[in-house]
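Just below is one structure, and these are the notes that go with it.
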Amino acid sequence: MRGRDHVGNVLCPWHNGFDGVTVMNKILPWTGTVTSILGSFTVAFGIMFAGYVLFMVGSCSWLIAAYQRKDRALAILNLFFFCANIIGLSRAF
C-alpha cells in the first residue's frame with residue numbers, strides 16, 4: 001500500500017512509498033533547478049536583486065541535496081555558486 005510500510009504502519013508525510021525514497025529528495029533538486037533557471041533569466045533581464053536571490057535559493061537547494069546524496073563534487077560546485085551569488089548580490093547594490 002502506498003503511504004504505509006510492509007506491516008501497515010502509516011509512514012511519515014514525506015515518504016512516497018517507493019524504496020524509502022523521500023519526496024524531499026525529489027523536491028530539493030527540482031526547486032534548485034527551477035529557481036536557478038528563473039534566476040538566470042531574471043538577471044538577464046536586468047532584475048538583479050530578484051535574480052541573485054533566486055540563484056541563491058537554487059544553489060542552497062542543490063547544496064542540501066548534494067549533502068543528502070553525499071555527492072561531494074556537487075556540494076563543492078554549489079558552495080562556490082552560493083558564494084559567487086553573495087558577491088554578485090553585494091556588487092549589484
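Structure above, values below:
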| item | result |
| --- | --- |
| Selected residue (only one of LEU11, LEU54, LEU38 is in contact with a Gly (Cβ under 7 Å, 6 or more places away or on another chain) and either exposed (fewer than 12 other Cβ atoms within 10 Å of the Cβ) or at pLDDT 95 or above (or both)) | LEU54 |
| Residues satisfying the stated conditions in region 79-93, i.e. free of Cβ contacts under 8 Å to residues at least 40 places away in the same chain and either of a type in the set (Phe, Trp, Tyr) or under 12 Å from PRO29 (Cβ atoms) (or both) | PHE80, PHE81, PHE82 |
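Every residue, every condition in (1) surrounded by 14 or more Cβ atoms within 10 Å (Cβ to Cβ); (2) at pLDDT 95 or above, yes or no:
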| position | (1), (2) |
| --- | --- |
| GLY3 | no, no |
| VAL21 | no, no |
| THR42 | yes, yes |
| GLY58 | yes, yes |
| ALA73 | no, yes |
| ASN78 | yes, yes |
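The values are calculated or read from the model by the stated rules, or taken from the named source; none is laboratory data. The structure presented is a predicted model; accordingly, all values stated were derived computationally and were not measured. Heads up, the Cβs are rebuilt from the backbone with ideal geometry, glycines too, and the neighbour counts pull from every protein chain shown.
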